[in-house]
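The values are calculated or read from the model by the stated rules, or taken from the named source; none is laboratory data. It should be emphasised that the depicted structure is a prediction, and the values quoted were computed from it without experimental measurement. Glycine gets a Cβ as well: all are built from the backbone with ideal geometry, and neighbour counts include every protein chain shown. Accessible surface areas use protein heavy atoms only, side chains included; no ligands, DNA or RNA. Shrake-Rupley method; radii C 1.70, N 1.55, O 1.52, S 1.80 Å.
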Amino acid sequence: MAKIAINIATGSLQQAEMIVGIDLGTTNSLVAIIHPETKQPIVLKEHNSSSLVPSVIHFDESGNVTVGDEAKAYLETEPQQTIFSSKRLMGKSYNDIKNNADFFTYKVIDDDTESLVKVQVGQQFYSPIDLSSHILTELKNRAEHILKTPVTKAVITVPAYFNDAQRQATRDAGKLAGLDVLRIINEPTAASLAYGFGVDTNDEKTIAVYDLGGGTFDVSILKIVNGIFEVLSTNGNTYLGGDDFDKAIMQFWMDELNITNEQLRNDKSLSQGLRLRAEDAKKYLSNHESFETTFLHYNLSVSRTQFETLIQPLIDATLHNCNNALNDAGVTKNEIDVIVMVGGSTRVPAVKNAVSNFFEKPVNDTVNPDEVVALGAAIQADILAGNNKDFLLLDITPLSLGLETMGGLMDVLIPRNSKIPTKAGRQYTTQKDGQGSMRISVFQGERDLVKDNRKLAEFNLTNIPGMPAGLPKVEVNFLINADGILMVTAKELRSGVQQTIEVKPQYGLSDSDVEKMLMDSITHAKEDIAVRALVEASTEGEQLLAATENFLSKHASSIQQDELMDTAQAMQALQLALTMADKNLIQSKIEALNEISRPYAERLMDEAVGAAMKGKTIE
Ligand code: ADP
Ligand code: MG
């Protein structure tokens, strides 16, 4: 297994190249590098401006995109066209987020299915991957502008609790932005690296990372042994953060000045003005005892003591999460060696004190808390670049390994640059009723369509007992041993039928082949992702048509005549859109058909159909 550094811009192989570290945050995102001369991590920023880019995207009527501070100005004035918190949607289905649907002021498509969420702005549909890629593109452009050199490689951080799908979505967003994502690392791990923990390989420590950002709170308990980080537990609240501190101050002012919710709803500039001043007040109170300003004809004031009383319940809630994290990790407070503070909201003195009191230890807060994750990502990037000789580079997989799924798509199980030995597994299901076998095709490479990747092996899992489509559960496991041999096992869990093969992914593959495959994936990223989006939309459309037909054949008699006619029309329109191969059109017709069928489908919810519509199908 080889580690290869190539310059994507020039195509040349090279030893050391600048790789950036990116903190792709829910509220703010930023880029850091290791300074080539001082060898110290630094965040990138233009003169006199902040390193933080608000993770906000605005689309105007003609589809022009702005990201960051400029987009933030539209949050209240054009809420349907201004996307914030897209990170919350990464790798999620509508079912995953429906309990918090009110949180989003823009349109999140409600198909009520297991398929991945989409956001609709005007006539355009965006996946969370598209949205995050806009933020990453902005960060890449900024970095290139500041460094005056192409930036093509990155390490991106994600929360420790992100699952496989969320990590893959983050990788895809990077790819779409023209970045070769060398590794996805956990935010708490990055923060610990920024404080130098885990750099010395003899270091053995148990670390609590307390991360209070704009809209989310995470606490992670990590253990480092021999320079390797292990996440013992994570806990937190994905809807608790500094925004709630702002809201508390805003509510306090509204109560004092008799401003009603009704007034706020009708007067966007009033609500925007109050919210911004509440945030100003909060930040000011991190260094001062009281805040005072005038806005319109209002006198707005709040003292630090008042603020602390307002947020005490929120702080208590985070400590409760800390307790849970300790319990889940099976460690006591005394066993925690270090506490690392992360996230802009940990600048609030009351937060720091509460955390320090809880763990009965001083906290680490000397590194800027909203930059610490990006700085750690830069350190990790430098290690991957081979610049930091203190780190031993473990063997890694040079190319991603995955399976062919519906429509000839590549479904990556083991991403490239994974340390070996490693393993990964995923469940699939059948598409046809009574399907007795399933073809398992194993591919290697970075492209979205398997036809552009390298086929390693193929076999049929046979003797699957006859079951309705969607019912069989076929688990495919990839295991790469320390010698780089890949073992692929497919097992139907209900019946236990199973089959295994072994392949040597590196056999017959030269360094220049690997290099070419990587280059191709970056140069074709845009079209690849567009094809993938089209194939996914088409698959969803076809499955919906089949499911609707099936549903109608069973229940036509209980559905009203006009409903049947509307359904037939919507099905025809979807069929037509499918033949036209237009992703946005297909998605809008899927929407339309769902709108029509939802009322009666809810009346007659049929479990078998529900089950058939769920889950991925291989062929
Ligand atoms: P995320 O990781 O969610 O993207 P950040 O770590 O950038 O978020 O934290 C953003 C939050 O930090 C915002 O709510 C912001 O108001 C808050 N914040 C930033 N500076 C301060 C400060 N000086 N005092 C209190 N809160 C602050
Ligand atoms: Mg963060």
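Here is a list: D172, D180. Which entry is touching a Lys or Arg at 6+ places or on another chain (Cβ under 8 Å) and either farther than 30 Å from G470 by Cβ or open to solvent by less than 30 Å² (accessible area, probe 1.4 Å) (or both)?
D180
Within the group H288, H320, which residue is within 34 Å of the chain's Cα centre (by Cα), over 17 Å from G215 (Cα atoms) and modelled with pLDDT of 95 or more?
None of the others qualify; the one that does is H320.
Test each condition in (1) among the polar types (S, T, N, Q); (2) touching a residue at least 12 places away in the same chain (Cβ under 8 Å); (3) out of contact with any Lys or Arg (no Cβ under 9 Å at 6 or more places or on another chain) for S301 and report the one that comes out false.
Just one mismatch for S301, condition (2).
State all residues of the stretch 355-382 that are assigned to a helix (DSSP H, G or I) and within 22 Å of E37 (Cα to Cα); if no residue qualifies, say none.
Those that are assigned to a helix (DSSP H, G or I) and within 22 Å of E37 (Cα to Cα): V372, V373, A374, L375, G376, A377, A378, I379, Q380, A381, D382.
Whether any residue in the stretch 337-354 is assigned to a helix (DSSP H, G or I), touching a helix residue (DSSP H, G or I) at 6+ places or on another chain (Cβ under 9 Å), open to solvent by less than 30 Å² (accessible area, probe 1.4 Å) and away from ligand 1 (no atom under 13 Å from the Cβ) is what I want to check.
Among the residues of the stretch 337-354, at least one is assigned to a helix (DSSP H, G or I), touching a helix residue (DSSP H, G or I) at 6+ places or on another chain (Cβ under 9 Å), open to solvent by less than 30 Å² (accessible area, probe 1.4 Å) and away from ligand 1 (no atom under 13 Å from the Cβ), which makes the answer yes.
Scanning for something touching a residue at least 24 places away in the same chain (Cβ under 8 Å), within 16 Å of ligand 1 (Cβ to nearest atom) and not in a loop (DSSP other than H, G, I, E, B), does the stretch 68-79 turn up at least one residue?
no
Out of the residues in the stretch 208-229 that are of a type in the set (A, V, I, L, M) and out of contact with any Cys (no Cβ under 8 Å at 6 or more places or on another chain), state the one that is surrounded by the fewest Cβ atoms within 10 Å (Cβ to Cβ).
I228
To keep it simple, each residue is scored yes or no on (1) modelled with pLDDT of 90 or more; (2) assigned by TED's automatic domain parsing to the domain that holds Q543; (3) open to solvent by less than 60 Å² (accessible area, probe 1.4 Å).
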| site | (1), (2), (3) |
| --- | --- |
| I464 | yes, no, yes |
| P468 | no, no, no |
| K473 | yes, no, no |
| V476 | yes, no, yes |
| L479 | yes, no, no |
| K491 | yes, no, no |
| V497 | yes, no, yes |
| I501 | no, no, yes |
| Y507 | no, no, no |
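Could you count how many residues in the stretch 438-456 are surrounded by 15 or more Cβ atoms within 10 Å (Cβ to Cβ) and either touching a Ser or Thr at 6+ places or on another chain (Cβ under 8 Å) or not in a strand (DSSP E or B) (or both)?
Final tally of qualifying residues: 9.
Might you let me know whether the stretch 188-200 holds any residue that is within 16 Å of ligand 2 (Cβ to nearest atom) and open to solvent by 20 Å² or more (accessible area, probe 1.4 Å)?
yes
Step by step: first the residues of the stretch 47-67, then only those that are small (G, A, S) and closer than 24 Å to V181 by Cα, then the one that is surrounded by the most Cβ atoms within 10 Å (Cβ to Cβ). Which residue is that?
Restricting to residues being small (G, A, S) and closer than 24 Å to V181 by Cα, the top hit is S55.
Considering only the stretch 211-230, state which residues are within 16 Å of ligand 2 (Cβ to nearest atom) and either modelled with pLDDT under 90 or aromatic (F, W, Y) (or both).
Answer for the stretch 211-230, where residues must be within 16 Å of ligand 2 (Cβ to nearest atom) and either modelled with pLDDT under 90 or aromatic (F, W, Y) (or both): just F217.
Return only the number of the condition from (1) closer than 30 Å to A525 by Cα; (2) in contact with a Ser or Thr (Cβ under 9 Å, 6 or more places away or on another chain) that F229 does not satisfy.
(1)
Hey, any hits in the stretch 313-336 for a residue that's open to solvent by less than 10 Å² (accessible area, probe 1.4 Å), in a strand (DSSP E or B) and more than 16 Å from ligand 2 (Cβ to nearest atom)?
No; the residues of the stretch 313-336 include none that is open to solvent by less than 10 Å² (accessible area, probe 1.4 Å), in a strand (DSSP E or B) and more than 16 Å from ligand 2 (Cβ to nearest atom).
Only one of (1) without any contact (Cβ under 8 Å) to a residue 40 or more places away in the chain; (2) under 25 Å from M519 (Cα atoms); (3) not in a helix (DSSP H, G or I) is not met by T105, so which one is it?
So T105 meets the others, but not (2).
Mind listing whichever residues of the stretch 15-46 are open to solvent by 40 Å² or more (accessible area, probe 1.4 Å), part of a strand (DSSP E or B) and either among the acidic types (D, E) or within 14 Å of ligand 2 (Cβ to nearest atom) (or both)?
Across the stretch 15-46, the qualifying residue is only N28.
Step by step: first the residues of the stretch 81-109, then only those that are touching a Pro at 6+ places or on another chain (Cβ under 9 Å) and hydroxyl-bearing (S, T, Y), then the one that is nearest to ligand 2 (Cβ to nearest atom). Which residue is that?
Only one residue fits best here, namely S86.
Looking at K473, K526, which is the one that is in contact with an Asp or Glu (Cβ under 9 Å, 6 or more places away or on another chain), farther than 30 Å from A570 by Cβ and among the basic types (K, R)?
K473
Out of the stretch 265-289, which residues are away from ligand 1 (no atom under 15 Å from the Cβ) and not in a helix (DSSP H, G or I)?
Scanning the stretch 265-289 gives a single hit, D267.
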